[in-house]
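The values are calculated or read from the model by the stated rules, or taken from the named source; none is laboratory data. Predicted model, so just to flag it, every value in this text is computed and none were measured. Because the Cβ atoms are built from the backbone with ideal geometry, glycine has one as well, and the counts that use them run over all protein chains shown. The accessibility values were calculated without ligands, DNA or RNA, using every heavy atom of the protein model including side chains. Shrake-Rupley method; radii C 1.70, N 1.55, O 1.52, S 1.80 Å.
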Amino acid sequence: MDIQEYFSLVFSDYTLRTITLGTAILGAVTGMLGSFAVLRKQSLLGDAISHAALPGIAIAFLITGAKDSNTLLFGALISGLIGTFWIRGIITKTHLKSDTALGLILSLFFGFGMLLLTFIQKQPNANQAGLDKYLFGQAATLVVSDVWMMAIVTGLCLLVMLTFWKEFKILLFDADYTKTLGFNTKFIDILITSFIVLAIVLGLQTVGVVLMSAMLLAPAAAARQWTNSLSVMVFLAAIFGAFSGVLGTAISASQNNLSTGPVIVLVASVFVVFSFIFSPSRGLLFKQLRFIKNRRDLQLHKTLAFMHQIAATHEDISHPHAIKLLNSFQGYTKSTLQKLVDKDYVQLQGNMWSLTKIGFETAANLYTKQTTEDE
Amino acid sequence: MKKIAVKVDDLTVAYNYKPVLWDIDLEIPEGVLMAIVGPNGAGKSTLIKAILGILKPIAGSVSIYGKSYEKQRQLVAYVPQKGSVDWDFPTTALDVVKMGTYGSLGWIKRPGQKEKKAALEALEKVGMLAFKNRQISQLSGGQQQRIFLARALVQNASIYFMDEPFQGVDATTEIAIINILKELRKAGKTVIVVHHDLQTVPEYFDWVTFLNVKKIATGPVKDIFNDDNLTKTYGINYKVSIQE
Ligand SMILES: Nc1ncnc2c1ncn2[C@@H]1O[C@H](COP(=O)(O)OP(=O)(O)OP(=O)(O)O)[C@@H](O)[C@H]1O
Ligand SMILES: [Mg+2]
């Protein structure tokens, strides 16, 4: 199947449609919530939570013997939440740095989870095969009820986000100040974090423990490059996330053997790389271009200012001077002179130059210009 | 006798085991413009944070006009140290100033026209109206400081706590800010400012508190701003640290 075939099939093929819808919704909700994690500088949080969810899956299986995703993910949710609150506890009680606490919980829970998985695999029970899909995810196992679950959580998340938008925003920007205004910052924080946990747990089946945090971070990091508004950033992150989901599913479906989760993460990473290079205001490319342009402008301005100095000594501003005069000036080149001519600032006659009226005025105003160009 | 705006009793604060503030008693009369001075690490920021309930003290209590801080919150505004937030946050100057209205709005309700108007007025007061739509990362340090000041002004409080509002601002901005503070005092408000430039204390402030883990002295500038207290606050510690 190639990509074209995929897109013609996606509307008719039931399984394909379910998977595509699932990954799209998942991408949207993780992108949205990821924005909050990124802005709180809690990039590691997603990683810690997803790894902390692993023992929950194993324990849920050991207790119930069931393999249906809802039971297992419920286990993941519980252990993810426990991990998160331990992290909070460690940070507030011991004054360890937050990345230390995150790293600690991450390795502790993941190690324990792996231990349980190996233990389960050694059991003489044919039923256990497939638990390791939660390590790297297996989008193909998504069924309609999973997608419904994702849609409900996403809707809930959207509702809460819109309701508490103002509170989320101020907490993200300045938590101490928020506290002095009388807001219960702990409540807001727990609300945000709980939704992050929920979104991560929902993604485990599709993307897996190991790569889940990339789903959280990549769309948000990419979105941050394109805007200076929080609402636009959250919106863009959701779009990027959803596109990563759809494109990733399309690519993996058309290349038979590629597993979906890693491909989705790769597509999201492409968004990031693209954004870091091509974003107009923050991207590397335009920064470099602006730098080159500024340097050129500066040379131009310096030359013009120098000419202005010479011209200002004469009554007649358009009095011609020898081009030779400019050779002693550092910033001068033939091409800068040509550019000044092109801009009508300077006139050439043989090997003489003279300033035009606009040229003279521009030069006179060069360094007195105010820099508040807003509005 | 003036009313007491802020009263601190036996306040002790510790981050780890060793207290960074020891048994502080402090009475700040209404309507003063007070400087808190002391060397780096003296606990000035910590004192403000403990008074504002950002930090939990291990002992002691704070009252605002005779009642607990929790009950009087709306009377108090805070200007944090500029470096305490990430200025690359995706938002504009106007938006940050609007945050000053969130407290009176309470939960869920969004700022509307009224709040916007108040924010614009505050921006105007600090001379930043032209920058209202600027992304905050594209403001200079002194401009960011003025945005924080405007955010506190919007709160229309009775008591202002400011942590180093003059940090990294040029002479012109400093004068502009101190004029705003003096205006606040004229309007009967109490303004408490962490201040590092000892030279300007007598010129700017009428009240001063010397702090270095313990409270060294507090009172009118003309009575207690002298070498004796300065040595007690800065000098002795300085000698001790050289001996070590
Ligand atoms: N979050 C923290 N965790 C542990 N110790 C802290 C913390 N914040 C401050 N301290 C310590 O508490 C003491 C007082 O700090 P504080 O920030 O109140 O000083 P300050 O007087 O405001 O100093 P500065 O003039 O440098 O702003 C210092 O010794 C500092 O190292
Ligand atoms: Mg301080």
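Here the condition is being open to solvent by 10 Å² or more (accessible area, probe 1.4 Å) and either more than 10 Å from chain A (Cβ to nearest Cβ) or out of contact with any helix residue (DSSP H, G or I) (no Cβ under 8 Å at 6 or more places or on another chain) (or both); of B:87, B:22, it holds for B:22 alone. Regarding residue B:82, is this residue within 16 Å of ligand 2 (Cβ to nearest atom), touching a strand residue (DSSP E or B) at 6+ places or on another chain (Cβ under 7 Å) and of a type in the set (Lys, Arg)? It is false that residue B:82 is within 16 Å of ligand 2 (Cβ to nearest atom), touching a strand residue (DSSP E or B) at 6+ places or on another chain (Cβ under 7 Å) and of a type in the set (Lys, Arg). Would you call residue A:153 more than 14 Å from chain B (Cβ to nearest Cβ) and open to solvent by 40 Å² or more (accessible area, probe 1.4 Å)? No, not satisfied.
Among the helices (runs of 4 or more DSSP H) confined to region B:149-244, the ones with at least 1 residues that are within 17 Å of the chain's Cα centre (by Cα) are located at B:171-186, B:201-204.
Could you say whether any residue in region A:51-72 is acidic (Asp, Glu) and away from ligand 1 (no atom under 16 Å from the Cβ)? For region A:51-72, residues acidic (Asp, Glu) and away from ligand 1 (no atom under 16 Å from the Cβ): present. Among the residues of region B:157-203, those identified as out of contact with any strand residue (DSSP E or B) (no Cβ under 7 Å at 6 or more places or on another chain) and within 15 Å of ligand 1 (Cβ to nearest atom) are B:166, B:167, B:168, B:196, B:197. Residues of region B:162-182 that are touching a Lys or Arg at 6+ places or on another chain (Cβ under 9 Å) and not aliphatic (A, V, I, L, M): B:163, B:164, B:165, B:167, B:168, B:173. In region A:90-108 there is no residue that is part of a loop (DSSP other than H, G, I, E, B) and within 27 Å of residue A:264 (Cα to Cα).
In the set (1) more than 14 Å from chain B (Cβ to nearest Cβ); (2) surrounded by 21 or more Cβ atoms within 10 Å (Cβ to Cβ); (3) out of contact with any Ser or Thr (no Cβ under 6 Å at 6 or more places or on another chain), the condition left unmet by residue A:177 is number (1). The condition of being surrounded by 13 or more Cβ atoms within 10 Å (Cβ to Cβ) and assigned by TED's automatic domain parsing to the domain that holds residue A:220 holds for only one of A:306, A:271, A:329, that being A:271.
In region B:28-72, the residue that is nearest to ligand 1 (Cβ to nearest atom) out of those that are within 14 Å of chain A (Cβ to nearest Cβ) and under 12 Å from residue B:6 (Cα atoms) is B:48.
For every residue, the table says whether it meets (1) open to solvent by 50 Å² or more (accessible area, probe 1.4 Å); (2) within 16 Å of ligand 1 (Cβ to nearest atom).
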site	(1), (2)
B:104	yes, no
B:117	yes, no
B:141	no, yes
B:144	no, no
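Within region A:95-105, one or more residues are in contact with a Phe, Trp or Tyr (Cβ under 7 Å, 6 or more places away or on another chain) and surrounded by 18 or more Cβ atoms within 10 Å (Cβ to Cβ). Residues that are among the β-branched types (Val, Ile, Thr) and within 16 Å of ligand 2 (Cβ to nearest atom) within region B:1-49 comprise B:13, B:20, B:24, B:36, B:37, B:46, B:48, listed in sequence order. Output yes when any residue across region B:50-65 is among the charged types (D, E, K, R), open to solvent by 10 Å² or more (accessible area, probe 1.4 Å) and within 16 Å of ligand 2 (Cβ to nearest atom), and no when none is. No, every residue in region B:50-65 fails to be among the charged types (D, E, K, R), open to solvent by 10 Å² or more (accessible area, probe 1.4 Å) and within 16 Å of ligand 2 (Cβ to nearest atom).
Listed by first and then second residue, the pairs with beta-carbon distance under 7 Å, at least 6 apart or on different chains, first residue in region B:34-58 and in contact (Cβ under 8 Å) with a residue 40 or more places away in the chain and under 22 Å from residue B:226 (Cβ atoms), second assigned to a strand (DSSP E or B) and within 8 Å of ligand 2 (Cβ to nearest atom), are B:36/B:194; B:44/B:194. Among the numbered conditions (1) buried (at least 16 other Cβ atoms within 10 Å of the Cβ); (2) modelled with pLDDT of 95 or more; (3) more than 22 Å from residue B:218 (Cβ to Cβ), the only one that residue B:79 does not meet is (3). Within region B:213-233, track down each residue that is in contact with a strand residue (DSSP E or B) (Cβ under 8 Å, 6 or more places away or on another chain) and not charged (D, E, K, R). Matches in region B:213-233: B:213, B:216, B:217, B:218, B:219, B:220, B:221, B:224, B:225, B:229, B:230, B:233.
Say whether the condition of being touching a Lys or Arg at 6+ places or on another chain (Cβ under 7 Å), more than 23 Å from residue B:193 (Cα to Cα), away from ligand 2 (no atom under 16 Å from the Cβ) and touching a residue at least 24 places away in the same chain (Cβ under 8 Å) is met by at least one residue in region B:94-102. Checked region B:94-102: at least one residue is touching a Lys or Arg at 6+ places or on another chain (Cβ under 7 Å), more than 23 Å from residue B:193 (Cα to Cα), away from ligand 2 (no atom under 16 Å from the Cβ) and touching a residue at least 24 places away in the same chain (Cβ under 8 Å). Within region B:170-186, is even one residue open to solvent by 50 Å² or more (accessible area, probe 1.4 Å), within 16 Å of ligand 2 (Cβ to nearest atom) and more than 14 Å from chain A (Cβ to nearest Cβ)? No, there is no match, as no residue in region B:170-186 is open to solvent by 50 Å² or more (accessible area, probe 1.4 Å), within 16 Å of ligand 2 (Cβ to nearest atom) and more than 14 Å from chain A (Cβ to nearest Cβ).
Within region A:66-119, the only residue that satisfies the criterion of being modelled with pLDDT of 85 or more and charged (D, E, K, R) is A:88. Residue check: is residue A:30 over 27 Å from residue A:228 (Cβ atoms) and either away from chain B (no Cβ under 14 Å) or in contact with a Lys or Arg (Cβ under 9 Å, 6 or more places away or on another chain) (or both)? No; evaluated as a whole, the condition is false for this residue.
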